[in-house]
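The values are calculated or read from the model by the stated rules, or taken from the named source; none is laboratory data. In this text the structure is predicted, and so the values were computed from the model without any measurement. Positions of Cβ are generated from backbone atoms using ideal geometry, with glycine treated the same way; all protein chains shown enter the neighbour counts. These area figures cover heavy atoms from the full protein model, side chains too; ligands, DNA and RNA do not enter into them. Shrake-Rupley method; radii C 1.70, N 1.55, O 1.52, S 1.80 Å.
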Amino acid sequence: MKKKILVVDDEIDIVDIVKIFLEGKGYEVVCAYNGEDALKVIKKERPDLIILDILMPEMDGFDVCRKLKSEKETMFIPIIFLTAKDELADKWKGLFMGAFGYITKPFEEENLLDKIEKIFEQSENDQNNEN
Amino acid sequence: MREKKIKYSFKKKLFWYIVPLILFVSLTFAGVFIQQQNKLLKENLVDRGMSLAVNLARMSELAIFSEEDSFIEPAIEGMWSEDDVVYIFLYKDKGKILSKYTRMRINEKLYADVKQKIYNTREPFWQYPFSSSKVWEFYAPVFSTAEESIEDSLLDVKVEKRGKSKGRIIGISRIGISLININEQQKKIIKLSIRITLTLLIIAFIVTYLLAKKITTPILELAERVEILGRGNFDEEIRIKSSDEIGLLAREFDSMRLKLRKLNKMKDDFVSLVSHELRTPLTSIKGYASIFLSGKLGQLDEKQTEKMEKIVKHSKRLSDLITGLLDLSKMRYGKTDHEGKYFSLGKHVQNIVDELDILAKQKNISLEVEIPSDLPDIYADEKLLTRVFINLIGNAIKFTSEGGKVTIRAVDEQDLTRIYCIDTGMGISAVDLDKIFNEFYRVKNKNGMEKEGTGLGLAIVKHIIEIHQGKIWVKSEVGNGTQFIFTLPNKKEVKYEKKDFSRR
């Protein structure tokens, strides 16, 4: 079954680029262009992973993350931050909030793909162990 | 520590201004005092000598008349008991001696000019004796109140006019007074003056010291605060408990600090905004170029691939430049997050060298680590130090031609660890050497083409070393390789600026 990944960024081009790369690797990609949109899409589409920008108007990435982590249904969806904010303080903040990864722009595609693969491998392992 | 920075401290200056002044003033006063006292002493001596001589003369009238010295003996004895009276002579007619007391060798004869003077003036007088300058002598005429029966011829001097009231001169008293007492008193006065001068000097010392301390203590404290401010910590309040001008200065500094803090916040916001605004389009450029390269939009031919790779390469460089600039600006304003800990330098360098070995092998360069195993652990931020080594070793590899050698050496020097990064590369010309740590300075190669890189690497390295309270410098000659040398203080916990997570 194809894994479903949600890409959230207010920059349409970035979403486009990430989408092309992920689709090239055989993932199913859904998009959102702001925080509120993202929450709606998540409820509807139930993605397996979320790639989240931080600096977005109104509801930023941290807010989205906080919201997701506070609700039972969305609590365990892994999140990777993909952002231009490169300060260590922000990175820590993101990781403390429960994100699996923190990648700064401009990003290396391999880096992003590696991280996604690792996350899926790990979750599969966890499921196997449970079974 | 701060006081060492001052070549001529206020304390010293104040000292060199005040102490010579006090010395000059007190010496002048002492001189005047001694002179005045001397004058007074001599006047007293003259008064005393004169009155002794005159008294003796008054009392000796009868004795001279009767030529019987026993009449006057008690009076003379009384005078003689004073220890600075060294001789007493009483002369009768023709300068013959009636009575004589002496403690020193002296010409006993009455000099003719003395006689002449007494007869001319009929007044007592004093003079230095010819034989000694340590004794002053006093003469007084002895008058007779009796009738003019026995004539002046008793004394073999012709008198033209005789005084009207006092009567005839029948003899002369002569008293010598030694200056010993006066000298002793003079010595006492000089001693006293010296003591007063010294006391004044000591007081001047103490007052100068205390005054200087009182003035410099708040100034030094202020300097310390301002230095903290200069390092980019705008949160430390500058407050000096002082109601004087220094207090005012401190308050002015504090209002400056608040303005700076505001500006700094604006700058931080600006930098972060710019960095975001630059990075986002850069990410798109690089992303789309990568998509082309990946062949997802159709296979590219060789030329297209080459150009597309250039787009990726240059966006990478631009991105490195943005990162470097941000890092440098953060470091300069003390905003880097760093954490010191003790670790083994040898292992640390070996790890880095292992990673860079691939790069070196491509150029057939040997990487050698010469770090003694017993080198004490150093205290530093591991991540920052990694950057230093990657930068220095990376540069060394970049500028060393095939078959060369790059050596990392560390030497323990008690207070500090000295670390060398030595290559056998092409060296750096003297012109470049001065500017090598400057931002954006890139050494040009022989063709005048700039080498790759952002020109920020060494500037960042320098900052990192300085954050660790170390120093870095470079030795090089064209064709003879390059040595980067830096120091890190040993066994001393470097005080970093506190972490700043409070922003935004």
Qualifying positions in the range A:30-43 - open to solvent by 10 Å² or more (accessible area, probe 1.4 Å) and farther than 21 Å from residue A:120 by Cα: A:33, A:34, A:36, A:37, A:39, A:40
Might you check whether a residue that is touching a helix residue (DSSP H, G or I) at 6+ places or on another chain (Cβ under 9 Å), within 14 Å of chain A (Cβ to nearest Cβ) and of a type in the set (Lys, Arg) occurs anywhere in the range B:272-283? yes
Which one of these is within 30 Å of residue B:65 (Cα to Cα) and in contact (Cβ under 8 Å) with a residue 24 or more places away in the chain: B:189, B:172? B:172
Among (1) farther than 28 Å from residue B:275 by Cβ; (2) polar (S, T, N, Q); (3) part of a helix (DSSP H, G or I) - the single one residue B:315 does not satisfy: (1)
Right, residue A:61: in contact with a Cys (Cβ under 9 Å, 6 or more places away or on another chain), within 14 Å of another protein chain (Cβ to nearest Cβ) and surrounded by 15 or more Cβ atoms within 10 Å (Cβ to Cβ) or not? no
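Every residue, every condition in (1) farther than 23 Å from residue A:64 by Cα; (2) touching a Gly at 6+ places or on another chain (Cβ under 6 Å); (3) open to solvent by 80 Å² or more (accessible area, probe 1.4 Å); (4) not aromatic (Phe, Trp, Tyr), yes or no:
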site	(1), (2), (3), (4)
A:80	no, yes, no, yes
A:85	no, no, no, yes
A:89	no, no, no, yes
A:99	no, no, no, yes
A:102	no, yes, no, no
A:113	no, no, no, yes
A:116	no, no, no, yes
A:121	yes, no, yes, yes
A:129	yes, no, yes, yes
Meets criteria (in contact with a Cys (Cβ under 8 Å, 6 or more places away or on another chain) and among the small types (Gly, Ala, Ser)) for residue A:98: yes
When you check residue A:83 against the structure, is it of a type outside the set (A, V, I, L, M, F, W, C) and within 14 Å of chain B (Cβ to nearest Cβ), yes or no? yes
Could you tell me whether the range B:313-332 includes any residue that is without any contact (Cβ under 8 Å) to a residue 24 or more places away in the chain and either farther than 30 Å from residue B:380 by Cβ or in contact with a Gly (Cβ under 8 Å, 6 or more places away or on another chain) (or both)? yes
Taking residue B:290 as meeting all but one of (1) surrounded by fewer than 14 Cβ atoms within 10 Å (Cβ to Cβ); (2) among the polar types (S, T, N, Q); (3) within 11 Å of chain A (Cβ to nearest Cβ), write down the number of the exception. (1)
Hey, can you tell me all the residues within the range A:23-53 that are touching a Lys or Arg at 6+ places or on another chain (Cβ under 9 Å) and over 18 Å from residue A:74 (Cα atoms)? A:23, A:24, A:26, A:27, A:28
Test of understanding: among B:225, B:231, which residue is crowded, with 18+ Cβ neighbours inside 10 Å, over 23 Å from residue B:27 (Cα atoms) and in contact with an Asp or Glu (Cβ under 9 Å, 6 or more places away or on another chain)? B:225
